1. Hey, got the dipole for the range 254-409? About the Cα centre, +1 on K and R Cβ, -1 on D and E Cβ, debye to the nearest 20?
2. Quick check on the exposure proxy: order K40, K67 from fewest to most C-beta atoms within 10 angstrom.
3. How much of the DSSP bridge set in the range 131-215 is antiparallel, in percent, rounded to the nearest 5?
4. Give me the orientation-averaged projected area of the Cα convex hull of the range 320-409, in nm², one decimal.
5. What's the tally of Lys pairs in the chain whose alpha-carbon atoms lie under 28 angstrom apart, where the two lysines are 8 or more places apart or on different chains?
6. Let me check against my output: what whole-number percent is the relative contact order of the chain, with C-alpha pairs under 8 Å and at least 6 apart?
7. What longest region of the chain stays clear of chymotrypsin sites (Phe, Trp or Tyr not before Pro) that DSSP places outside H, G, I, E and B and that have at most 15 other Cβ atoms within 10 Å?
8. Evaluate the Debye formula for the range 22-157 with equal point scatterers sitting on the alpha carbons, no solvent, and hand back log10 of I(q)/I(0) at q = 0.10, 0.14, 0.16, 0.18 Å⁻¹, in q order, two decimals.
Amino acid sequence: MAGYRSGKKNKLNGSQTAAQGNLRRLFTFMTNQDLAALRKSLDDIDAVLVSALGERARLARQIAKVKADGDGPVRDADRETALLQHRSAFGERLGLDPAFVRRIFREILDDSVRRQQDALQTRDADGSQEIVVAFQGTEGAYGHQAALQHFAVAQRPVGFKAYGTFKEMLEAVIEGHADRAMLPIENTTAGSVYESYDLLLRFNLALVGEEIVDVRHCLLGVADVPIESLRRIHSHPQALSQCSEFLSTLRDCEGVSAANTALAAKHVRDLNNPAEAAIASEEAGAHFGLHVLKRDIANQAVNFTRFVVVSATPSDCDPRIAAKVSMVLSTRHEHGALVRCLNVIADEGLNVTKLESRPRPGTPWEYVFYIDVEGHIGSPRMQAALAGLAERTLFVKVLGCYPARELPR
């Protein structure tokens, strides 16, 4: 009798288990169906968003054509402020974070301004001719990112070419192998790139643009290993310097200099040693198939590199575009000479955004000064400032007048 009850109980348990299994499978099937449907809805919404952005970009080009016949500025700060306030308030009513909405629309507005600037700058150019852009390093380098970012809105076809050094890159522009070059000039953490300034003095080149790249250093390896197991970390000396606080926390690990962050990532891939790692961008890691061991390892959370766009010949900057003038000058070796030059600029109500001194080749204890000033080369105030500087310096040379980029907000 006991055995009979035990058998019945076993049969019931078996039936219950089977039913529970069927319910789980049914629930999983329904959940997967629901998840697939929800994801399909998200994909449809994303397609609408991208299509709308494409239409907005087309309208921005049309606005540029209208502005080409007027004299108003490309960027309307008051309209942008009002637009951001309206969009963020509308998003908040829909349950969105206003800061999130503002961040998105700042990017959208920046893209619109870039497209209008490009349309004004290149309206007389041959739209079918490819422009070749040189950068130092390899694909995935920050110079490559700067080039992609700067020419993303170009109407003309764009090709990119890598060079081993800054010097080789600039020589390619001089010799006509490249039309533009992306030259890093300063970093918000490591400061000025002195080699770049020295090359600008050495070569007769023109600055025709600038780009600001958000530098997000990552630790990259060939395998997902504990950071404590690393023994060598490869990167450009400036990147190693920018990540010095993180590197100081690692024991029995040394930094190894490389010509470029992306080349360091390539070298680590080729070594195929889990004890070796590189500091480079996440894009470089993806390009070379490396694992991201840690993100955002720079000493400063805010870390930007400014690049200048170099050309063999100057380019006219439309006066409706917010511009910057870069120049190099040498003062007389006398008391207060530099101050008098800066006063000339200040007296015209112009703002200096960068001042850098470098030794003057062949003349010990004398220096040249690189100065960036907000404003357009054709404005009366800028012309008056340049005339005043010519009277007070041994020489003054304008490196270029070009559209100014705002620091990402």
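Every read-out reported here was derived from the displayed coordinates using simple, explicitly stated rules and does not represent laboratory data. Predicted model only: the values in this text are computed from it and were never measured. Positions of Cβ are backbone-derived with ideal geometry, glycine not excepted, and every protein chain shown enters the neighbour counts.
1. For this selection, approximately 120 debye.
2. K40, K67
3. DSSP beta bridges in the range 131-215 are roughly 20 percent antiparallel.
4. Values: hull surface 26.1 nm².
Answer in nm², one decimal: 6.5.
5. Eligible lysine pairs with Cα atoms under 28 Å apart amount to 12.
6. Details: 694 pairs, mean separation 65.0, N = 409.
Across the chain, relative contact order equals 16 percent.
7. It works out to 1-202.
8. Treating every Cα as an identical point scatterer, log10 I(q)/I(0) equals -0.55, -0.89, -1.03, -1.15.
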